Each structure stands twice: as structure tokens, then as C-alpha cells.
Amino acid sequence: MANDDSPPLYLQIATQMAELIRNGTLARSARMPSVRELARQRGVAQSTVVQAYHWLEDARLIAARPRSGYFVAPRPAALPEPSVSRSLRRPRDVSVDWLGQRILGTAHSADVVSFSSGTPGPDLLDVDRVRRAVTRSAQRHRQLLCTYPSSSGHEDARRAIARYAVGLGCSLDPGRILVTGGCMDSISLCLRTVTQPGDVVALESPTHFSFLEVLQGLHLKALEIPTHPRHGISLDALQLALETQPVKALLVVPTLSNPLGACMPQAERRRLAQMAARHGLAVIEDAVYSDLAEQDEHRRAIKSYDTTGHVMLCDSFSKTLAPGLRLGWVEAGRWTEPLRRIKDLQAGGQSPVLELALADLILQTGHAAAMRQLRTAIAARVDEVRRVIASSFPPGTRVSDPPGGLLFWLELPRGVDTVQLHQAFLSERILVPPGTIFGTGGRFRNCLRIGVGGDWTPHHVSALRRVGELACAMAAAPARRVA
């Protein structure tokens, strides 16, 4: 089933050099190897190296100096990170903000410049690679178009996912993997399996808007746990919550959490798996952003430390391969069979032709190189955005610095009302989600989440500068401030 859809040679070289730049092996402002020298080292034509260097120039990772060669470009200015969210003493009923539904739950006209997406768009994803895989699958397995699918997913797809999960540090039985309609579908199935209406679910703060939507739909209460912008959820605060509140489940994104982009240290992931076993806690782990993490150590899942089956691992490939396939998966540990029964009653199966196309994609020998290429392209965009934020937003603005992904969490000076700013942005056909939709009770009113997925053009860069100008105007107008 595996096919070699490896990227062109120049792109492989460019991606490898970009990784050396981003991990610090090639220091900022250091001289790059000459075209002739690198061509000799790699055994390729000089024209191939020139193509690679042009790609790195376009990504703003290197810069040419006349008669001197190529040099590593300087990094964007360092910015202070956001504050750690404060603790909430009691769980809250979830009432999803109408504003969040309008911003993130509906399509918007083409003339709106949107900063609401954390999903790579077609300009970042390899559309042709996906098309070829779907075409091959439809040709080879056309008989499956005329049969009902298995509720658990095609066996070959589940085997491919189990092989993929080795990269997350997990050794999974394909028979216990269920293919779903996406990561949020997996999470919803997990919550339906381990909770009843009125139960308390702990989660990061701020948290993904869609998590709040699911909790509201299932009539569950949210207990927001303080979360560090770099290290993730506070396990000390979670421990206190487990001792004082009837928490039935924890919903957590340990790698590139949404919206903060935090990554839990591995020691904390191990500790969380041990806490779950000790308290009988269902940990629902969302790994959807793991392949976007720049460092391998950030991709090891909490599930890899789970020895008692208390961690339910949810994932999809919508952030790395093709959102349009709408395929995800779940390994639900000790709750696998109850979840399977709920899935049988709720939705049945997905398209096996698409499942096998997905298996084809993730088993290709060029898949790892394609993920490196995607991370490099994203990193170049992120660096550009950080430069704009550093130069255009109000003094005192705090910005997350996630090691991968397409999301920024901005904490503006106290008193700047981002709900009012949202209305000002819309009047100029710019869409930026305010922080209030990422928590309960109107918190994070001076925060913004900026997503730079989807389309990205010079018009987006200009629009982001305008967002900064409007924020500066509000920050400088005390009469408009909200205490």
C-alpha cells in the first residue's frame, strides 16, 4: 500500500537546512555553506542547491549578501509571554457565547480577512499528494463504494494508524482503534462514554472553543484549571481539584494546546498518567496538533505512559494532511468496548475508500519528509507574524511563542476590550476572535487569539498591522477602557 511521494530533492535539502536553523545548529547571522560546498557535500547539482536556498530565502530563514554569500536571518524580536490563568474554585455550567458561534461556527464572505483559523490551508498542504492517494484508493478498492463500512474502520486503516502511533510513543493494538469522523467526534464519543449530564469535566484555561460547545451539548460542567503558556496545565491545581471536586474526566491537549500553544514536559505527562490511575480519572487526550510540533520530544503522548487504560487518545489528520477527509481515530483504553457500542448506535462507519487513502498517505516513505516541509513552511509564516506583532501592537502586549502550530495568544494591556475591538475589526472586514470565547464567564476580555492558517497573502500582513493599529488606539484612549 505504501507509495513514495517524496518531495523534490531541492525541497528535501531546504527542509533539512531549515530544521538546522530552527533548532539552533546553524546560529542566527551565521554564514551558510556556499552553493558549491553544499552541492559537493550532498552530491547534487549546484542548481539544486540554488533552488533550496531560494526556498529558504522565500521562507525568510536566510538572506543573501552581495559578494558574501548566504547568512542565517535574525530571529523576530523576543516578546513577553502571557500570564498564567487564575484558578476557579467551582465548576461552571457552559453557555457558549453567541459571538464564538458567529466567529468560529459559520462561513464568512470572501472579502473578510480572517485570523480565526488554526488549520493549514491548501497553500501549505500538499493537495496533489492527497488527490493521488484518493484516486489510487478509489481505483483499487472501488467495490467498497457499494458496501456498508465497518463501524470500527477498515482493518488496513487501523493497522496503518497503529504504525503511525509509534511516532507518538504508543504501542497500540489495531483491534482497539476506532476510526471516527474527526478528532472532535472522537472527543465527543469519549465524553459520552465516561460522563453523564451534570458531571464535571476539568480542562485547560483558556481552552478550545469547540470543547466548550461539546460540553454544553452534553450538559456537562466545566472546571477550568490554570494553564501556563509554555508548560501547559497545572497538575498541582488539578490535584487540588480532584481532592475537592467531583471531577469525572479531564480534557487536555498536551502538545500545542489551543489557544495557548503550550507543550507539557514529558515528566508532567508521566505524572498525569499516574494521577489518572490513582484517582480513577478518565483523561481524554487530544493529539491533533502533535505532528506540527517542531521537536520530537513534544510528540510523545500521555497515552505512552498509561499502564492502566485511563488515557483515551484522540487524534486526526485534519491539521497536517487534509481537513476534507474528515477522518480521526480514538483508542479509548479501558472504555474501548463501551465507546464502540455508543459509536455503533450513534454514527456507524466512515468511507473505507477515504480511510484507505489515509492509510496510503501515512505509510508513504515520504510522509515524514512532508511533515518536516509543512512545519518549516508554517515556521516561516509564524516568524513573519511575530515581526508584525512586535512592531505594530501596543507596548506591553504579551504573546505566546509556541514551538509549532499556527496559533498566537495575545494578552493586550489591561483595560483593552477585545470584544469592542472585534466590532471595530469587523467594520473594516477583518475577523479576529476575542479571548472571551475561549473560557467561561467572560474571562480573557483583554486577549485575542490570532490564527494564521487558511489563506495567507500580503493583504493579510497589512490587515494584521491594522489590527495592531486599532489595538494601539484603544490602549491610548483611557476613556474607552474597561476596568
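The values are calculated or read from the model by the stated rules, or taken from the named source; none is laboratory data. Only a predicted model underlies this, so the values are computations on that prediction, with no experimental measurement involved. For neighbour counting, all protein chains shown are included, and Cβ atoms are generated from backbone atoms with ideal geometry for every residue, glycine included. Side chains included, ligands, DNA and RNA excluded: accessible areas come from the protein's heavy atoms. Shrake-Rupley method; radii C 1.70, N 1.55, O 1.52, S 1.80 Å.
Counting only Cα atoms, I'd like the Rg/Rh figure for the chain, Kirkwood definition for Rh. Present the calculation step by step, with values, prior to reporting the outcome.
Values: Rg = 22.8 Å, Rh = 23.5 Å.
Value, to two decimals: 0.97.
Run the Debye formula on the Cα coordinates of the stretch 346-483, all scatterers equal and no solvent, and tell me log10 I(q)/I(0) at q = 0.11 1/Å.
-0.53
Give the whole-number value, in cubic angstrom per residue, of the convex hull volume spanned by the C-alpha atoms of the stretch 275-385.
Details: hull volume 15.7 nm³, N = 111.
Output value, Cα hull per residue: 142 Å³.
Assign unit charges at the C-beta atoms only (+1 for Lys and Arg, -1 for Asp and Glu), then state the dipole size of the chain relative to its Cα centre in Debye, rounded to the nearest 20.
Numbers: 57 positive and 45 negative charges, 139 e Å.
With Lys and Arg at +1 and Asp and Glu at -1, about 660 debye.
Could you calculate, for the stretch 397-469, the ratio of the Cα radius of gyration to the Kirkwood radius, expressed as Rg to Rh?
Radius of gyration relative to Kirkwood radius: 0.95.
At q = 0.13, 0.22 Å⁻¹, work out log10 I(q)/I(0) for the stretch 248-335 with the Debye formula, treating every Cα as an identical point scatterer and leaving solvent out; two decimals please.
Here log10 of I(q) over I(0) equals -0.40, -1.07.
For the stretch 207-222 and the stretch 127-164, compute the distance between their C-alpha centroids and round to whole Å.
First find each Cα centre; the distance between them is then 31 Å.
Within the chain, what whole-number % of the accessible surface is contributed by carbon and sulfur, with the 1.4 Å probe and all protein chains included in the calculation? Write out the running numbers ahead of the final one.
Details: 9990 of 20010 Å².
Using a 1.4 Å probe with all protein chains present, the chain comes out at 50 percent carbon and sulfur.
Which value, in debye to the nearest 20, describes the size of the charge dipole of the stretch 353-483 about its Cα centre when Lys and Arg Cβ atoms bear +1, Asp and Glu Cβ atoms bear -1, and nothing else is charged? List each step's numbers first, then the result.
Numbers: 15 positive and 10 negative charges, 107 e Å.
Value, rounded to 20: 520 debye.
TRP55: accessible area at probe 1.4 Å, nearest 10 Å²?
50
Hey, what D do you get for the stretch 121-265 in µm²/s if you plug the Kirkwood alpha-carbon radius into Stokes-Einstein at 10 °C and 1.306 mPa s? It would help to have the intermediate numbers written out before the result.
On the way: Rh = 18.0 Å.
Taking Rh from Cα pairs, D becomes 88 µm²/s.
At a probe radius of 1.4 Å, what is the per-residue accessible area of PHE438, in Å² to the nearest 10?
0
What is the sum of charges around ASP199, taking Lys and Arg as +1, Asp and Glu as -1, for the other residues whose C-beta is under 15 Å from the C-beta of ASP199?
Details: positive: ARG90, ARG92, ARG192, LYS221, LYS248; negative: ASP93.
Result for the local shell: +4.
In the stretch 349-444, what trypsin sites (Lys or Arg not before Pro) fall in a loop by DSSP, with at most 14 other Cβ atoms inside 10 Å? Before the final figure, lay out each step's value.
Values: sites: ARG372, ARG375, ARG381, ARG386, ARG387, ARG398, ARG414, ARG429, ARG443; in loops: ARG414, ARG429, ARG443.
Within the stretch 349-444, the qualifying trypsin sites (Lys or Arg not before Pro) (loop, at most 14 other Cβ atoms within 10 Å) are ARG414, ARG429.
Can you give the accessible area per residue of the chain, in Å², using a 1.4 Å probe? Display every interim value, and only then the final one.
Numbers: 20010 Å² over 483 residues.
With all protein chains present, the chain gives 41 Å² per residue.
For the stretch 149-227, state the average projected area of the convex hull of the C-alpha atoms over all orientations, rounded to one decimal in nm². Intermediate results must be reported in sequence, preceding the final value.
On the way: hull surface 25.8 nm².
The number I arrive at for the stretch 149-227 is 6.4 nm².
Can you give the calculated 222 nm mean residue ellipticity of the chain, where each DSSP H run of n ≥ 4 adds -39,500 (n - 2.57) and the sum is split over every residue, rounded to the nearest 500 deg cm²/dmol?
Numbers: 15 runs with 189 residues, N = 483.
Helix-only estimate at 222 nm: -12500 deg cm²/dmol.
To the nearest Å, what is the center-to-center distance of the stretch 267-307 and the stretch 326-383, using C-alpha atoms only?
18
Ratio of Rg to Rh for the stretch 203-351, alpha carbon only, Kirkwood?
Working: Rg = 15.0 Å, Rh = 15.9 Å.
Answer for the stretch 203-351: 0.94.
What accessible area, in Å² to the nearest ten, does a 1.4 Å probe give for ARG192?
100
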